[in-house]
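K.L.:
Structure incoming, see below.
The values are calculated or read from the model by the stated rules, or taken from the named source; none is laboratory data. Bear in mind the structure is a predicted one, so any value in this text is a computation, not a measurement. Don't worry about glycine lacking a Cβ; one is built from the backbone with ideal geometry, like all the others, and counts go over all protein chains shown.
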Amino acid sequence: MPKAAPTPALPLNGLFPIAKPSGPPSMRIIDSITPLLLDSKLFHDPERQRQPEVKKRKKNLTHLGLKIGQGGTLDPLADGVLVIGVNRGTKHLNRFLECSKEYESTGLLGAATTTYDSEGPILSTAPFDGITREDVEKVLDQFRGEINQVPPIFSALKMDGKPLYEYARESKPLPRPIPTRKCTVSIDLIDFQPASVVQGDGGHTYRWPSEHLKEDDRQVFRKLTEMVHQAQEAAHVPDAPAPKIERVDSPEQSPQTGLRPAAFSVRMTVSSGTYVRSIIHEIGLALGSAAHVVKLTRTRQGEFSLHGDEEALLKAGPGGGPAAQGVDVQAGTGENEVEDPEEAALNSDAAIATASATDVAGPSTGSIPWAVWERAMKEREEMIAREKADQEEAAASGASAEELHEQFSREAIATKRRELPLKEWEHEVLRRFVSVPMPITGSHSKDGPAFRHH
């Protein structure tokens, strides 16, 4: 039988992964889930309750003292594993910036964009007829093992605090060549899809971006490409492949075949600092065409993965957690309701211990599906509406100002919310939560402060 994970102490300090959807930026994701964490008994700190208006003096600190951050942002287009750190867990996020990561990415042939993905306008186009699955497999050898990579020059990359394109606009030479970085890449082709001819024929439905770069900006990028090439050549530094910016006349539908371009999907494991979009861009150039990213999924970051061992946990049966068993985890309710705050806190910890013991057999390394958070946010909106309706009903029935304050003040409502049974998203966090070492106050060894684990 799998060994149960240690019961976490409250408030939780550590890490858990969520499955970011494509669309919103990473910080908007964090802003969306923060109100849920602030409502939860899992993250409630009595010290923070006694000082509710903690000033935001430190990085990642909310107005109520909860620290929250992420271990490596994902672009709006990208989806997949986003590691969240809470409280002292934020101090452990840097290791996720340095660790290897796994991605699955889909590139669409025939067009290069300024951002190397479908979010940017088309920079140039190129023929795509005749490119086959075998062609893609052959060029992948160029991107395996240790490679030198130049950051995308068409991004907002800065040199001495100034974006590169500003040097081109001002006709000033680059102060120095763009530094290359060594990256280790493992890459395999997992799919090659021709475009659909008719709806539902099994082909892909990705389309080129509709926006084209304006001619003035095209001139800037053309000049920037020349400046970068000159700087790299003068310093004998490897130069990044560049598309033929002057070619913009290739239509998305081939005049020879009447077909749109094919798409290819690759799975890659990369070292820290690798530009995944650059690899897709350069694969297109190596094929004698162009390509840009239309889908990018981070499937693993460090020990956390997108799907993890979810199937194994589901097969575990009775140990699948309170949600599956109908267990109602609640502190201080029914016949055992208590009034003493310290005893209530102990009872709350005992409830979490019960939840944790039945929730996890690991913990799971899979990411919490975004649909779980969407349901939680909808439930919270409905709860707020009910609380407002209850307050209006109490006021209409003649409740005094003191009674209204006692029942509906911010502190009273926060206390009621923490007394509710653990919700679906809280169970999911407990199944995946990885606690971090905590210093033991007043205990030091010759090597530094002693630590305990939550």
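K.L.:
Looking at (1) modelled with pLDDT of 95 or more; (2) buried (at least 17 other Cβ atoms within 10 Å of the Cβ), find the lone condition where ASP359 falls short.
P.N.:
Answer for ASP359: the failing condition is (1).
K.L.:
Against the conditions (1) within 21 Å of ALA168 (Cα to Cα); (2) at pLDDT 95 or above, where does PHE221 fall short? Just the number, please.
P.N.:
(2)
K.L.:
Is it true that VAL81 is surrounded by 19 or more Cβ atoms within 10 Å (Cβ to Cβ), touching a Ser or Thr at 6+ places or on another chain (Cβ under 8 Å), of a type outside the set (Asp, Glu) and more than 26 Å from PHE154 (Cα to Cα)? Show your work before the answer.
P.N.:
Values: surrounded by 19 or more Cβ atoms within 10 Å (Cβ to Cβ): yes; touching a Ser or Thr at 6+ places or on another chain (Cβ under 8 Å): yes; of a type outside the set (Asp, Glu): yes; more than 26 Å from PHE154 (Cα to Cα): yes.
Yes.
K.L.:
Name the residue that is farthest from the chain's Cα centre (by Cα), counting only residues in the range 30-41 that are hydrophobic (A, V, I, L, M, F, W, C) and surrounded by fewer than 22 Cβ atoms within 10 Å (Cβ to Cβ).
P.N.:
So the residue we want is LEU38.
K.L.:
Farther than 16 Å from VAL136 by Cα, in a strand (DSSP E or B) and in contact (Cβ under 8 Å) with a residue 12 or more places away in the chain: does that describe THR297? Give the steps one after another, and end with the answer.
P.N.:
Values: farther than 16 Å from VAL136 by Cα: yes; in a strand (DSSP E or B): yes; in contact (Cβ under 8 Å) with a residue 12 or more places away in the chain: yes.
Answer is yes for this residue.
K.L.:
Filter the range 103-157 down to the residues that are assigned to a loop (DSSP other than H, G, I, E, B), on the phi > 0 side of the Ramachandran plot and over 22 Å from the mean Cα position of the chain (by Cα), then identify the one that is modelled with the lowest pLDDT. Before you say what the answer is, go through the steps one by one.
P.N.:
Quick first cut of the range 103-157, residues assigned to a loop (DSSP other than H, G, I, E, B) only: 110, 114-116, 118-121, 126-132, 144, 150-157.
Those still in the list that are on the phi > 0 side of the Ramachandran plot too: 110, 116, 130.
So of that shortlist, the ones also over 22 Å from the mean Cα position of the chain (by Cα) come out as 110, 130.
Values: GLY110: 94, GLY130: 91.
Only one residue tops the list, namely GLY130.
To keep it simple, each residue is scored yes or no on (1) farther than 19 Å from PRO46 by Cα; (2) in the same structural domain as LEU82 (by TED's automatic domain parsing); (3) surrounded by 15 or more Cβ atoms within 10 Å (Cβ to Cβ); (4) of a type outside the set (Ser, Thr, Tyr).
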| residue | (1), (2), (3), (4) |
| --- | --- |
| ALA389 | yes, yes, no, yes |
| GLU393 | yes, yes, no, yes |
| ALA396 | yes, yes, no, yes |
| ALA399 | yes, yes, yes, yes |
| ALA412 | no, no, no, yes |
| LYS416 | no, no, no, yes |
| LEU430 | yes, yes, yes, yes |
| VAL434 | yes, yes, yes, yes |
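K.L.:
Given (1) modelled with pLDDT of 95 or more; (2) under 29 Å from SER32 (Cβ atoms), where does ALA291 come up short, assuming only one miss?
P.N.:
Result: ALA291 passes all but (2).
K.L.:
Among the residues of the range 245-269, what is the count of those that are surrounded by 15 or more Cβ atoms within 10 Å (Cβ to Cβ) and among the charged types (D, E, K, R)?
P.N.:
Kept after step one, since they are surrounded by 15 or more Cβ atoms within 10 Å (Cβ to Cβ), are these residues of the range 245-269: 245, 248, 250, 252, 254, 259-269.
Subset that is among the charged types (D, E, K, R): 252, 260, 267.
So the count comes out to 3.
K.L.:
Of all residues in the range 155-193, which are buried (at least 17 other Cβ atoms within 10 Å of the Cβ), touching a strand residue (DSSP E or B) at 6+ places or on another chain (Cβ under 9 Å) and of a type in the set (Ser, Thr, Tyr)?
P.N.:
SER155, TYR167
K.L.:
Regarding the range 185-208, can at least one residue be identified that is in contact (Cβ under 8 Å) with a residue 24 or more places away in the chain and either in contact with a Cys (Cβ under 6 Å, 6 or more places away or on another chain) or within 18 Å of PRO241 (Cα to Cα) (or both)?
P.N.:
Scanning the range 185-208 turns up at least one residue that is in contact (Cβ under 8 Å) with a residue 24 or more places away in the chain and either in contact with a Cys (Cβ under 6 Å, 6 or more places away or on another chain) or within 18 Å of PRO241 (Cα to Cα) (or both).
K.L.:
Let me ask something else about it. Where the second residue is of a type in the set (Asp, Glu) and surrounded by 16 or more Cβ atoms within 10 Å (Cβ to Cβ) and the first is assigned to a loop (DSSP other than H, G, I, E, B) and lies in the range 215-243, which pairs have Cβ atoms under 8 Å and are six or more apart or on separate chains?
P.N.:
Going by the 8 Å Cβ cut-off, the qualifying pairs are ALA240/GLU282; PRO241/GLU282.
K.L.:
Among the residues of the range 396-410, which ones are assigned to a helix (DSSP H, G or I), over 17 Å from ALA385 (Cα atoms) and not hydrophobic (A, V, I, L, M, F, W, C)?
P.N.:
Those that are assigned to a helix (DSSP H, G or I), over 17 Å from ALA385 (Cα atoms) and not hydrophobic (A, V, I, L, M, F, W, C): GLU402, GLU403, HIS405, GLU406.
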